[in-house]
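Notes follow the structure.
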Amino acid sequence: MKAEKSENIKNGIEELTYAQDNISIETVVSEMLIEKNLTISTAESCTGGLVSATLINYPGISSVFIEGCVTYSNESKINRLGVNPHTLEVHGAVSEETAREMAEGIAKNFNTNVAISTTGIAGPGGGTSDKPVGLVYIGIYVNGKTTVSKYILPGNREEIRLRATKYAINDLRLRLLEL
């Protein structure tokens with residue numbers, strides 16, 4: 001099965017669904033996590049809890065979903081997730097390095113097999129030429145291995161947050177397929 005954009009539009013955002021049976025990406029990922037008995041935690045900044053909320057829509061996810069943290073400030077990234085202050089100083093909160101440390105930190109702190117992290121600039125302000133509005137880094141930790149994806153997403157603040165959520169869940173789906 002492969003993921004694709006469906007014709008369904010919610011709040012101006014194309015839903016990422018499976019071509020077969022129009023199953024939502026979060027349903028597929030939740031079922032994969034439960035089937036493989038993989039526990040998950042989330043560390044979110046720019047998505048503000050939307051990744052957790054989307055996964056929690058699936059009945060039965062409580063058997064594997066352990067914790068979700070919205071770590072919006074640098075202080076919370078340091079205190080809750082163990083992000084190195086030097087990483088934030090050198091690379092900034094919106095960086096591959098920070099996304100990696102966020103995913104690894106939440107997985108370690110809550111002893112989960114899987115973790116998702118999101119950090120980015122949802123706008124409308126805050127962007128620069130180096131880090132424009134829409135820049136999002138998504139960290140995916142699975143059984144000790146972390147990957148980070150970089151996206152520049154179009155739209156207003158709400159659209160960027162919703163798109164980042166869907167991309168994060170799909171990135172996790174792709175990693176789970178490797179198991």
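The values are calculated or read from the model by the stated rules, or taken from the named source; none is laboratory data. Here the structure is a predicted model, which is why all the values come from computation and not from measurement. Here Cβ is always computed from backbone atoms with ideal geometry, including for glycine, and neighbour counts include all displayed protein chains. Just so you know, the surface numbers come from the protein's heavy atoms only, side chains and all, with ligands and any DNA or RNA stripped out. Shrake-Rupley method; radii C 1.70, N 1.55, O 1.52, S 1.80 Å.
Odds and ends about this structure:
- For the chain, built as a Gaussian network whose Cα springs stay under 10 Å, the top-fluctuating residue of Ile106, Ile121, Ile34: Ile34
- Accessible surface, the chain, averaged per residue in Å² (probe 1.4 Å): 48
- Geometric descriptor of the chain, per residue, is 104 Å³ (volume of the convex hull of the Cα atoms).
- When only the Cβ of Lys, Arg, Asp and Glu is charged (+1, +1, -1, -1), the dipole of the chain relative to its Cα centre reaches about 140 debye.
- The fraction of accessible area contributed by carbon and sulfur in the stretch 58-119 is 46 percent, rounded to a whole number (1.4 Å probe; ligands and nucleic acids excluded).
- For the chain, the share of DSSP beta bridges that are antiparallel, to the nearest 5, is 70%.
- Annotation: amide H-H contacts under 5 Å for Phe65 (H modelled 1.01 Å from N, sequence separation of 5 or more, or interchain): Ile40.
- Rounded to whole numbers, the Karplus 3J(HN,Hα) couplings from phi for the stretch 153-170 are 9, x, x, 7, 3, 4, 5, 4, 5, 5, 5, 4, 4, 5, 5, 4, 5, 5 Hz, using 6.51 cos²θ - 1.76 cosθ + 1.60 with θ = phi - 60°, and x at Gly and Pro.
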